[in-house]
1. Would you be able to tell me the number of residues in segment 195-212 that are open to solvent by less than 20 Å² (accessible area, probe 1.4 Å), within 22 Å of V113 (Cβ to Cβ) and part of a helix (DSSP H, G or I)?
2. If you check T21 against the conditions, is it among the hydroxyl-bearing types (S, T, Y), closer than 30 Å to Y170 by Cα and either without any contact (Cβ under 8 Å) to a residue 24 or more places away in the chain or touching a strand residue (DSSP E or B) at 6+ places or on another chain (Cβ under 9 Å) (or both)?
3. Could you tell me which residue of segment 175-194 is nearest to L121 (Cα to Cα), considering only residues that are buried (at least 18 other Cβ atoms within 10 Å of the Cβ) and of a type outside the set (S, T, N, Q)?
4. So which residues in segment 156-174 are modelled with pLDDT under 85, part of a helix (DSSP H, G or I) and open to solvent by less than 60 Å² (accessible area, probe 1.4 Å)?
5. Does segment 76-88 contain at least one residue that is touching an Asp or Glu at 6+ places or on another chain (Cβ under 7 Å), surrounded by 21 or more Cβ atoms within 10 Å (Cβ to Cβ) and in contact (Cβ under 8 Å) with a residue 24 or more places away in the chain?
6. Given the options L73, L107, name the one that is free of Cβ contacts under 8 Å to residues at least 60 places away in the same chain and among the hydrophobic types (A, V, I, L, M, F, W, C).
7. Working carefully through the options P248, P215, find the one that is open to solvent by 50 Å² or more (accessible area, probe 1.4 Å), part of a loop (DSSP other than H, G, I, E, B) and at pLDDT below 95.
8. It is to be established whether one or more residues within segment 46-60 are without any contact (Cβ under 8 Å) to a residue 12 or more places away in the chain, open to solvent by 10 Å² or more (accessible area, probe 1.4 Å) and in a loop (DSSP other than H, G, I, E, B).
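The values are calculated or read from the model by the stated rules, or taken from the named source; none is laboratory data. All of these numbers come straight from a predicted model, not from anything done at the bench. Reconstructed Cβ throughout: ideal geometry from the backbone, glycine too, with neighbour counts over all protein chains shown. Ligands, DNA and RNA are excluded from the accessible area calculation, which covers all protein heavy atoms including side chains. Shrake-Rupley method; radii C 1.70, N 1.55, O 1.52, S 1.80 Å.
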Amino acid sequence: MAAAMELRCWGGDWGLPSVHTESLIVLAYVKFSGAKVTVSPIDWTWKTLTATVPELLCGDVAVQQPSQILNFLRKQRFNADYELSARQGADTMAYIALLEEKLRPALMHTFWVDADNYVNLTRPWFASRSPFPLNFIVPGRLASTALSRILLTKGEAPLHRITEVEGKLYSDAKEGLNLLSYRLGTASYFFGNSPTSLDAFVFGFLSPLYKAGLPSSPLQSHLQQLHNLTSFCDNVLALYFNADRPCPPPPVQETMDANLQKLTQLVNKESNLIEKMDDNLRSSPQHKPHRVDPKPSLASEKSSTPA
């Protein structure tokens with residue numbers, strides 16, 4: 001019997017199952033793949049300071065980081081990417097890299113560095129979800145981590161200060177949103193009729209920006225103008241995170257059944273072919289095999305010669 005799986009993550013708000021991008025990625029993939037996972041929010045616990053979320057626990061195994069968690073779930077046969085071709089798999093990796101390169105720095109700036117948003121939304125939310133005295137520590141630590149990461153990845157010369165980096169951050173992020181909107185087009189998901197890991201990543205990155213009540217955010221305003229991306233977020237929330245509506249079944253089992261059916265048909269065809277060949281052999285005239293009479297040996301010739 002497979003060990004039970006538990007997912008530790010930040011809790012939800014703003015109409016979202018979690019306000020944390022990485023947690024949202026894993027939560028969405030769990031829904032898409034049909035994995036049976038118990039969700040345990042770390043809100044109001046000491047894990048808000050000590051835990052690295054999201055974290056998936058399965059028996060004695062603890063897996064962190066969305067990419068590692070998704071790989072672990074695939075090994076447990078919960079694979080939302082089962083139907084992807086090699087080309088689509090490569091496109092998935094490219095668009096995830098785009099999200100990390102273009103969108104993540106701007107999102108961290110929007111929620112953790114922008115003074116208006118941090119003071120009025122981000123800091124009060126995370127402080128209210130952390131127990132005393134961690135409510136004075138956790139928001140500041142997360143903000144410091146975000147600022148350091150932005151400067152480390154985007155603060156190359158001649159852009160050394162956050163005020164100099166800010167303009168490029170939002171320019172890159174808007175470009176990334178436009179590329180995602182163009183790739184999605186009028187489709188419901190990025191590949192086919194079922195969501196995949198790319199849909200989980202896009203949902204995790206975009207839905208907090210879309211749903212948060214940010215006092216000031218030019219990036220949020222830009223996203224709201226891309227109606228196919230906002231409809232995508234609304235669609236995922238309505239289909240997979242609506243308590244009054246069961247989730248659509250994952251495509252994995254359907255695909256496995258289809259492949260099994262094809263294999264069965266192939267085996268049946270081969271069996272019929274073998275039976276026909278056997279019938280043909282049985283119905284054909286049976287002749288004794290032509291065999292050359294062996295020549296008598298020298299010894300037999302001598303023995304047959306009269307003395």
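1. From segment 195-212, those open to solvent by less than 20 Å² (accessible area, probe 1.4 Å) are 195-209, 212; that's our starting set.
Then drop every residue that is not within 22 Å of V113 (Cβ to Cβ), which leaves 204-209, 212.
Pick out the ones that are also part of a helix (DSSP H, G or I) and you get 204-209.
Selection size over segment 195-212: 6.
2. no
3. L177
4. Within segment 156-174, the subset modelled with pLDDT under 85 is 156-167.
Filter again for part of a helix (DSSP H, G or I), leaving 162-167.
Residues satisfying the conditions are I162, V165, G167.
5. First pass over segment 76-88, keeping only residues touching an Asp or Glu at 6+ places or on another chain (Cβ under 7 Å): none.
Looking for residues that are touching an Asp or Glu at 6+ places or on another chain (Cβ under 7 Å), surrounded by 21 or more Cβ atoms within 10 Å (Cβ to Cβ) and in contact (Cβ under 8 Å) with a residue 24 or more places away in the chain, one finds none in segment 76-88, hence no.
6. L73
7. From the options P248, P215, the qualifying one is P215.
8. First, the residues of segment 46-60 that are without any contact (Cβ under 8 Å) to a residue 12 or more places away in the chain: 50, 60.
Add one more test, that the residue is open to solvent by 10 Å² or more (accessible area, probe 1.4 Å), and what stays is 50, 60.
In the following step, the residues that additionally are in a loop (DSSP other than H, G, I, E, B) were identified as 60.
Scanning segment 46-60 turns up at least one residue that is without any contact (Cβ under 8 Å) to a residue 12 or more places away in the chain, open to solvent by 10 Å² or more (accessible area, probe 1.4 Å) and in a loop (DSSP other than H, G, I, E, B).
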